[in-house]
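The values are calculated or read from the model by the stated rules, or taken from the named source; none is laboratory data. In this text the structure is predicted, and so the values were computed from the model without any measurement. Note: ideal-geometry Cβ built from the backbone for every residue, glycine included; neighbour counts use all protein chains shown. Just the protein is used for accessible areas: all its heavy atoms, side chains included, with ligands, DNA and RNA removed. Shrake-Rupley method; radii C 1.70, N 1.55, O 1.52, S 1.80 Å.
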Amino acid sequence: MNIWFSYIFLGLSLSAPIGPINAAQLDTGIKKGFLHAWLIGLGAMTADVLYMLMVYMGLVHFLTIPFLKTFLWLFGFFVLVYTGIESLLGVRQISTRSAGSVETPLRSLFSGFLMSLTNPMTILFWLGIYGSVLAETAAKSSPLQLIINSAAIVTGILLWDIFMAVVASSFRSFLSDRLLKGICILSGLSLIGFGGFFGYEAFRMLVQN
């Protein structure tokens, strides 16, 4: 049981650092409410699980090929910058009294999935972290234990996603319109900033190759 909770804590720790997903959840929760913010995280978690499966099957190394990494950096650049600009353009519509978004939940889910899927850092992240979990579990335990440990990591990620969605959507009730707009502007700028970093990495790889 202690091992189970330690892997849940690992999942929480992996999700907590500020990144594109957390910024997007914060922005989406303020503008569109709990469901859309949670679906952003759920979509990202789906990409995480996909990469975990790829690490398990040994396929993730194909994604470290320079051409594919450059493509992912570039695609991630466009996704994040577009999302950030869209966020900034929607700031004027924010109000503590405004109704939820008419945007479909599927779009929010796909947005989170695409944001995480096109992040090469996610690939390297899971290759390092989950690769270590695989190596440790394979050496000491059964395949069933590996499934249990993996499920615990995913549970931790899911708990963090729910927490972020609750916090972001609660801001609509407790903060003024001006503060909400300020947070969304910061979130939008951070998404563009992350996109700029992705673009720089893509340019660097193109120059090197």
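Show the residue pairs that are 6+ apart or on different chains and have beta-carbon atoms under 7 Å apart, the first residue being within region 195-206 and in contact (Cβ under 8 Å) with a residue 24 or more places away in the chain, the second being buried (at least 17 other Cβ atoms within 10 Å of the Cβ) and among the small types (Gly, Ala, Ser).
As it stands, the answer is Gly195/Gly84; Phe198/Gly76, since those pairs meet every condition given.
Sort out which residues of region 34-77 are of a type in the set (Val, Ile, Thr) and outside any helix (DSSP H, G or I), and write them in order of number.
Selection gives Ile65 alone.
For Thr28, only one of the following conditions fails: (1) touching a Leu at 6+ places or on another chain (Cβ under 7 Å); (2) closer than 16 Å to Trp160 by Cα; (3) buried (at least 20 other Cβ atoms within 10 Å of the Cβ). What is its number?
Failed condition: (1).
Applying the selection to region 169-196, what residues are surrounded by fewer than 16 Cβ atoms within 10 Å (Cβ to Cβ) and not small (Gly, Ala, Ser)?
Residues satisfying the conditions are Phe174, Leu175, Asp177, Arg178, Leu179, Ile185, Leu186, Leu189.
Identify all residues within region 73-99 that are open to solvent by less than 50 Å² (accessible area, probe 1.4 Å) and modelled with pLDDT of 80 or more; write none if there are none.
Once the filter is applied, which keeps residues that are open to solvent by less than 50 Å² (accessible area, probe 1.4 Å) and modelled with pLDDT of 80 or more, region 73-99 yields Trp73, Gly76, Val79, Leu80, Val81, Thr83, Gly84.
Would you pick out the residues in region 197-209 that are part of a helix (DSSP H, G or I) and open to solvent by 60 Å² or more (accessible area, probe 1.4 Å)?
Phe197, Tyr200, Phe203, Arg204, Leu206, Val207, Gln208
Condition (residue is at pLDDT 75 or above, open to solvent by 80 Å² or more (accessible area, probe 1.4 Å), among the polar types (S, T, N, Q) and farther than 14 Å from Phe34 by Cα) applied to region 108-117: is it met by at least one residue?
No, region 108-117 has no match at all.
Checking the condition closer than 16 Å to Leu50 by Cα, part of a helix (DSSP H, G or I), among the hydrophobic types (A, V, I, L, M, F, W, C) and open to solvent by 30 Å² or more (accessible area, probe 1.4 Å), which residue from Ile162, Ile147, Ile153, Ile123 passes?
Ile147
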